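Read the structure below first, then the notes.
Bear in mind that the values in this text are calculations on the coordinates, not laboratory data. Because the structure is predicted, anything quoted here is derived from the model rather than measured. Positions of Cβ are generated from backbone atoms using ideal geometry, with glycine treated the same way; all protein chains shown enter the neighbour counts.
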Amino acid sequence: MAAIVKDREAPEAGAGNRERVGRTRRERREAPRLRLAVELFFLLLTVALVWQYHRFVGAVLAGAESLPPRPNGAEAFLPIAGVISLFHLLTTGEYDPVHPAALTLVLAAIATSFLLRKAFCAWVCPVGALSEWWSALGKWCWGRLFRLPRWADRPLLALKYLLLGFFLFGIVRAGDYYYYEFDRHADVGMYGYWFWGRYGVTMIVFATLIALWGIFTHAPWCRYLCPYGALLGIFSRFSPARIARDAERCTNCGLCAHRCPAALPVDRLASVGSAECTACLTCVAVCPVRDTLDLRAGGRRLAPRRAAALVLAAFLGMIGLAMVTGRWRSNLTEAEYRRVIPQMRTGPRMPHRW
Ligand code: SF4
Ligand code: SF4
């Protein structure tokens, strides 16, 4: 059994007058390991979905008589279509029958945010995971990651909200046009973009610049640009879950703030309510003093394994519910896919603006 580090081994200072007990190595490793396992699970699931969709498209293009099933979960790549469907749901009451999985996944991400802040970004999203690992590689190369000065960081943080506003404005303004024209074959359009190289030089340059930036600073796409993260951040403000600090036990070592990927001043707050907090539990993992920094909801401590279980239950539970209530499978027919998919190779003749 790992030895318990007594309070004298924890950094000095702090106004605490209660006994401070250090945390074991095993306790400190629990949260990062659990999160890595959940991230890997969703990343592998994503790879499997992409592969299955690729097989489906390949079979259509080859004119196969019987097609492998089209994976509805691949609609995870249609967050904009999902938000369009959400707007359609709110304005008409109709649950999108064309891309119900895209809508379900948006609702699952929103539900996760209500429960556990922006946990979707740190636990579920494969882009978030890859961005994080890419930046970790940068940290390994340079020995550290760089943070932008506050005067540059603050305005850049607003960028993702501006992008979100831009998309929401377009969705609300175009309303049914987007729903009927853009949404219908969004999955084929997206596939055409990435697998048939129709995304163009601009996208390659943009992705390269983001990757270069990400090797010097932590996940800039997620921090500054992702409109989906901005949307979930807004919902996370209503979450009862908070990282809470016991000021009496705290030694003011500053490790939590130093390691927080969102650059939040955790060591100076009683609880973290920021829309930037992803419930990644990095601060909880590095805090050297037991029962000082915890994820809490409704006054109760949420241990890392409970947090992981909650993320999985919220996200997969919503998907399971959608499956059993018939809100997962698209009503697009095989014949329609056979008609539309070959068009994506020959340029912008899709029946929508893609
Ligand atoms: S406050 Fe803690 S849980 Fe929130 S983003 Fe920072 S390190 Fe992660
Ligand atoms: S809460 Fe932060 S500052 Fe306080 S002991 Fe833990 S890591 Fe150090």
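Quick notes on this structure:
- Mean residue ellipticity, 222 nm, helices only, the chain: the sum of -39500 (n - 2.57) across DSSP H runs of n ≥ 4, divided by residue count and rounded to 500, is -16500 deg cm²/dmol.
- Relative contact order of the chain, defined on C-alpha pairs under 8 angstrom at six or more residues apart (%): 29 percent
- GNM remark for the chain: springs join alpha carbons under 10 Å apart, and the peak mean-square fluctuation among Lys118, Lys160, Lys139 falls on Lys139.
- Summing Lys and Arg as +1 and Asp and Glu as -1 over all other residues whose Cβ lies under 13 Å from the Cβ of Trp328 gives a net charge of +1.
- By the Cβ distance rule of under 4.7 Å, the chain has these cysteines without a partner: Cys121, Cys125, Cys141, Cys222, Cys226, Cys250, Cys253, Cys260, Cys277, Cys280, Cys287.
- Of all the options Ala230, Ala59, Ala111, the one that moves most in a Gaussian network model of the chain with Cα springs shorter than 10 angstrom is Ala59.
- What separates the Cα centres of the stretch 107-152 and the stretch 197-253 is a distance of 5 Å.
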